[in-house]
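These notes concern the structure reproduced below.
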Amino acid sequence: MSKHEEIADALTRDILLGQYRVGERLPSERDLSARFDANRGAVREAMKKLEQLGITNIQPGGARVNPLKEASLDVIGCLLDLGDLPDRVLVDQILVVINALTQTAAISAAKRLSEEELLELRERMRPIQTEKLEDDAYFEAQTEMFEAMMTASGNLPVQIIARSLLQQFGPRMTALRDYVDRDSETHAVLARQLDAALAARDLDAIRKRHSEIAEFHRERMQKAFDAFEAAHQPASLEVSAS
């Protein structure tokens, strides 16, 4: 990690953890140079990165903290990195957004694709309908289904937002992967029902099946958090609980 990246990462964490309030001015270049034992060029590069993230606004006299709602989409990865484990509320919110994107993409695909194109999309989704996939194959099939649906949508904004979210979200969930109860049998049933809805171009059924799949994923993720926390419970608490 370069010096300016080190500075940017540290300041980003400070801001996201609330050490600087919205509207508050960050320390001067001189103070930051002293804090990080860096030259002012590195500090300026770091401040540019913070501005690109949308969490600061550089003004005459210094940089001030922006409200998080004005940040760029890239801040999601920074938020997920704040703790040893991603925040479970944020994870649930991301899953809600991912469902909305995939539902929008599926409806768009059902409306715009030719019969041949729709059949090709359904074939690419076929692996997720298998009940006996191994872990790696299961997660690969999920990713393939997601990407195929985004491509089929023909909706460029949806594709850009979805890809950015997936790239930031997926790699940061590896700590929970071993604690996820895949329940591949239920998932396969839901996937087959979605496939049938797509084949019939039944928009109401597509919405309903996507909502069911979304709730399935959200419930499993919350259970994965519970299982992870139980497995990493301090020994002293386990003794007192017993």
Of all residues being more than 19 Å from LEU176 (Cα to Cα) and without any contact (Cβ under 8 Å) to a residue 60 or more places away in the chain in region 127-140, which is nearest to the chain's Cα centre (by Cα)? Just the residue, please.
PRO127
Could you tell me whether GLY154 is more than 30 Å from ALA200 (Cα to Cα), touching a helix residue (DSSP H, G or I) at 6+ places or on another chain (Cβ under 9 Å) and not β-branched (Val, Ile, Thr)?
no
Hey, among the residues in region 1-54 that are crowded, with 16+ Cβ neighbours inside 10 Å and of a type in the set (S, T, N, Q), which one's farthest from LEU90 (Cα to Cα)?
SER33
What helices (runs of 4 or more DSSP H), lying completely within region 106-194, carry at least 1 residues that are small (Gly, Ala, Ser) and surrounded by 15 or more Cβ atoms within 10 Å (Cβ to Cβ)?
135-153, 156-169
For region 51-72, which positions are in contact with a helix residue (DSSP H, G or I) (Cβ under 6 Å, 6 or more places away or on another chain) and either of a type in the set (Asp, Glu) or at positive phi (or both)?
GLY54
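The numbers here are math on the coordinates, done by the rules we state, and not lab data. Just so we're clear, the structure is a prediction, and the values are computed from it rather than from any experiment. For neighbour counting, all protein chains shown are included, and Cβ atoms are generated from backbone atoms with ideal geometry for every residue, glycine included.
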